[in-house]
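Reading through the structure tokens given below for one structure.
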Amino acid sequence: MDFVKQKIILLIILMFDLVLSLFLAEKYPARWLIVIASSSTAFAALSILVYSRRLLFASASSPHAAFLAAGLGILLGYGTGIAPLAWTVIIGLVLVYTLGFMVYRGVDPDDATSLFVSFSTSAGALTVYYVMSKIVSGADISAIIIGDPLLAGPDLVKYSALVALATVILTFLCAPEIVYMGTDPDDAKLSGIRVWLYDLILFTLIGLASVGMVTVVGFVIEHPLLLLPGAVSVLSCRCGSLWTMVASIIIGLSIGVVGLLLAVLLNLSPSGIIGLLLVIVYLAALAFHRSA
Amino acid sequence: MGRIEIEVENVEVAYKGESVLHIERLELEGPGLVQVLGPNGAGKTTLLRLLAGLVKPRSGSIIINGVNITGNPRIAGRFLSYVPQSPPVGRYSPLTAFDTVCYSVLMRRSWPRLYCDSKTRRLVEDALSRVGVPSSHWFKRLTELSGGQLMRVFIAKSIAAGRPVILMDEPLSPVDPAGKTGLAKLIVDASKDRLVIVTSHDPMLLLDKTKTLVLVNRRVVAYGPPSVVIRREVLEEVYGSAIIPVGPSHLHIVDSHR
Ligand SMILES: Nc1ncnc2c1ncn2[C@@H]1O[C@H](COP(=O)(O)OP(=O)(O)OP(=O)(O)O)[C@@H](O)[C@H]1O
Ligand SMILES: [Mg+2]
């Protein structure tokens with residue numbers, strides 16, 4: 001398929017997304033649409049960066065950091081009166097930076113990931129168990145694990161929209177550097193760009209998105225959301241890096257809104273449906289890639 | 001691009017405590033062609049990465065035109081570009097061959113570096129044509145290129161970078177015999193106004209155009225004009241029993257790759 005055809009297909013899908021979004025926003029509370037569209041867009045934009053920068057370990061780790069941070073956020077929010085979301089984001093960023101710093105200082109990404117995931121899940125389990133028995137209801141906790149966009153409050157709606165916007169803008173501004181760092185790390189260093197700065201931006205965005213929006217899709221489904229849209233677009237799009245990124249975002253957004261629609265129509269878990277749709281699209285892309 | 005001078009002093013490189021390269025003193029001056037020779041594991045790649053600031057020595061310093069670049073690729077990159085022995089294929093990268101060369105040019109410009117403008121495109125097209133990558137391969141992903149084509153793309157990148165020094169690690173090894181002559185000519189041309197430092201297991205191909213030979217075997221054994229460096233005792237230290245005397249004034253080095 002040539003560039004032009006692919007671009008036309010992408011535009012058609014985008015139009016379809018917009019129509020569907022309008023319908024969803026009219027028929028159901030707009031905040032459902034906003035949190036789902038924001039999180040799927042932000043994750044899809046990051047996905048292509050994570051994928052081409054070969055930071056798959058980071059995308060495997062940060063949702064686990066989100067699990068711990070969200071538990072601690074509720075605990076500290078209860079104790080201090082400061083919004084739990086603020087605590088969650090701060091703790092999550094500290095955790096994600098720690099991981100990034102370990103890898104930056106030469107710890108093998110696989111070792112760092114094993115250590116990091118083990119620590120955050122165990123500490124997370126302790127925290128969540130405690131919080132659940134003492135402070136909040138099961139619904140708040142299940143939102144952390146499997147997500148519940150329908151519970152999103154005004155804080156989370158604003159936060160999601162802002163983070164999605166920042167992520168998309170920064171992704172476009174920093175993508176050439178980050179993608180090139182993944183393609184030829186030595187030449188990226190020689191070219192004079194500040195490699196550490198771009199990594200810091202990327203880790204910050206991963207942290208802000210995966211930790212802050214954890215209750216929208218849940219930490220479990222954050223994994224495929226961070227991994228698959230980029231993989232799908234790199235597999236199926238032969239249209240230069242800029243358009244591969246656009247494709248990744250459009251794929252993520254489409255799956256988000258279609259998933260939300262199916263979920264409310266069928267009364268099923270939105271994140272579960274979104275995850276399954278991602279898998280189906282990924283398999284289709286693999287088949288397409290094989291046959292092409 | 002004018003005169004260029006690299007000075008290496010008292011450098012010791014070690015991996016995990018094991019010393020792999022020792023350089024008491026090495027001075028290279030451009031423009032011109034420098035060939036680095038030595039058997040497998042001699043430290044040729046290590047030497048090039050050292051000059052690029054990508055390997056940090058345990059001690060000593062590397063000065064380029066008066067600037068200390070030791071262990072600092074960002075500063076070294078102002079003077080040089082580097083072609084690795086096995087170029088990374090970017091298994092997960094969305095970049096095509098064309099994009100890769102274009103991005104490498106963009107990275108050397110100021111921010112923002114959003115897309116390949118028409119001026120840059122012409123530069124990239126020119127570089128890719130010069131190294132003999134047919135235009136039918138320009139828009140393939142790096143993973144879809146053969147070893148020789150990939151090497152050519154990376155050589156194109158190093159030329160397009162426009163720096164006064166180019167380091168190339170065995171640029172001719174993955175290239176077919178017909179391509180070797182063409183690329184050798186390109187390397188010689190590039191060395192007319194630049195300092196081009198290549199490592200090789202086939203010194204003869206470029207020998208008559210070589211200004212300086214550097215012989216390495218865990219240390220810089222000798223360096224200087226080929227006529228001075230090619231002596232039996234020097235070659236014996238580097239290549240050992242792989243030296244085969246052919247008549248009274250001829251030596252043959254058995255150093256075939258792979
Ligand atoms: N990253 C590394 N970690 C540990 N040891 C290394 C590393 N890189 C190189 N070495 C060791 O340093 C020595 C020099 O390696 P180098 O790659 O510089 O050799 P070379 O002359 O380029 O060889 P070849 O002709 O095979 O390319 C070798 O003994 C090698 O085992
Ligand atoms: Mg080598």
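Only the coordinates and a few stated rules stand behind these numbers; no lab work does. Quantities reported herein were computed from a predicted structural model and do not represent experimental measurements. Cβ atoms come from the backbone with ideal geometry, glycine included; neighbour counts cover every protein chain shown.
Taking the alpha-carbon centroid of each part, what is the distance from segment A:27-79 to segment B:28-64 in angstrom?
Segment A:27-79 and segment B:28-64 have Cα centres separated by 45 Å.
If each residue's Cβ is checked for other Cβ atoms within 10 Å, how do A:245, A:181, A:132, B:204 rank with the fewest at the top?
With the fewest neighbours first, A:245, A:181, A:132, B:204 line up as B:204, A:132, A:181, A:245.
Taking the Cβ of each residue in A:186, A:108 as the centre, tally the other Cβ atoms inside 10 Å and list the residues starting with the fewest.
By the 10 Å Cβ count, ascending, the order reads A:108, A:186.
Express in nm, to one decimal, how much length is gained between residue B:135 and residue B:29 on full extension, taking 0.36 nm for each residue of separation and deducting their alpha carbon distance.
Full-extension gain reported as 34.6 nm.
Relative to the Cα centre, what is the charge dipole magnitude of segment A:3-291, using +1 at the beta carbon of each Lys and Arg, -1 at the beta carbon of each Asp and Glu, and rounding to the nearest 20 debye?
400
Less than 13 Å Cβ to Cβ from residue B:69, Lys/Arg counted +1 and Asp/Glu -1: what total charge do the surrounding residues give?
+3
Based on DSSP, what percent of beta bridges with both residues in the protein assembly as shown are antiparallel, to the nearest 5?
60
Picking from A:65, A:152, A:45, which is most flexible by a Gaussian network model of chain A using Cα springs under 10 Å?
Fluctuation is largest for A:152.
Straight-line reach from residue B:119: which aspartates and glutamates fall under 15 Å, measuring Cα to Cα and dropping same-chain residues less than 8 apart?
Here the aspartates and glutamates satisfying the reach criterion relative to residue B:119 are B:99.
Got the relative contact order for chain A handy, in percent, Cα pairs under 8 Å and 6 or more residues apart?
Computed over chain A, the figure is 33 percent.
Pop the C-beta distance of residue A:200 and residue B:68 into the FRET formula with R0 = 22 Å and round what comes out to the nearest 0.05.
E between residue A:200 and residue B:68, to the nearest 0.05, is 0.25.
Would you mind telling me which residue in A:81, A:252, A:92 has the biggest mean-square fluctuation in a Gaussian network model of chain A, where springs connect alpha carbons within a distance under 10 angstrom?
A:81
Compute the angle between helix B:147-160 and the longest alpha-carbon principal axis of chain B, please, reported from 0 to 90 degrees and rounded to the nearest 10.
Roughly 80 degrees, rounded to the nearest 10.
May I ask you to compute the full-extension gain from residue A:287 to residue A:123, defined as 0.36 nm times their residue separation minus their alpha-carbon distance, rounded to one decimal in nm?
Stretched out fully, the residue A:287 to residue A:123 stretch lengthens by 55.0 nm.
Taking the Cα atoms of segment A:3-291, report the difference between the largest and smallest coordinate on each principal axis, in whole Å and largest first.
If we take the Cα atoms of segment A:3-291, the spans are 57, 50, 30 Å.
For chain A, which DSSP H helices look membrane-span-like by this rule: Cα extent along the axis of 24 Å or more and mean Kyte-Doolittle of at least 1.0?
A:3-27, A:30-52, A:56-80, A:84-104, A:154-183, A:195-212, A:214-236, A:240-266, A:270-291
Within 10 Å of each residue's Cβ, count the other Cβ atoms and sort B:70, A:121 from fewest upward.
A:121, B:70
Take the Cα coordinates of the protein assembly as shown, assign each an equal point scatterer, and use the Debye formula without solvent to give log10 I(q)/I(0) at q = 0.06, 0.10, 0.12 Å⁻¹.
The calculated log intensity ratios at q = 0.06, 0.10, 0.12 Å⁻¹ are -0.37, -0.86, -1.08.
State, to one decimal in nm, how far the label point of residue B:19 lies from the label point of residue A:19, with both points 7 Å from Cα in the Cβ direction.
Here the modelled spin labels are 7.5 nm apart.
When N is the residue count of segment A:149-292, what does its C-alpha Rg come to as a fraction of 2.2 N^0.38 Å?
Here the Cα radius of gyration is 1.14 times the empirical estimate.
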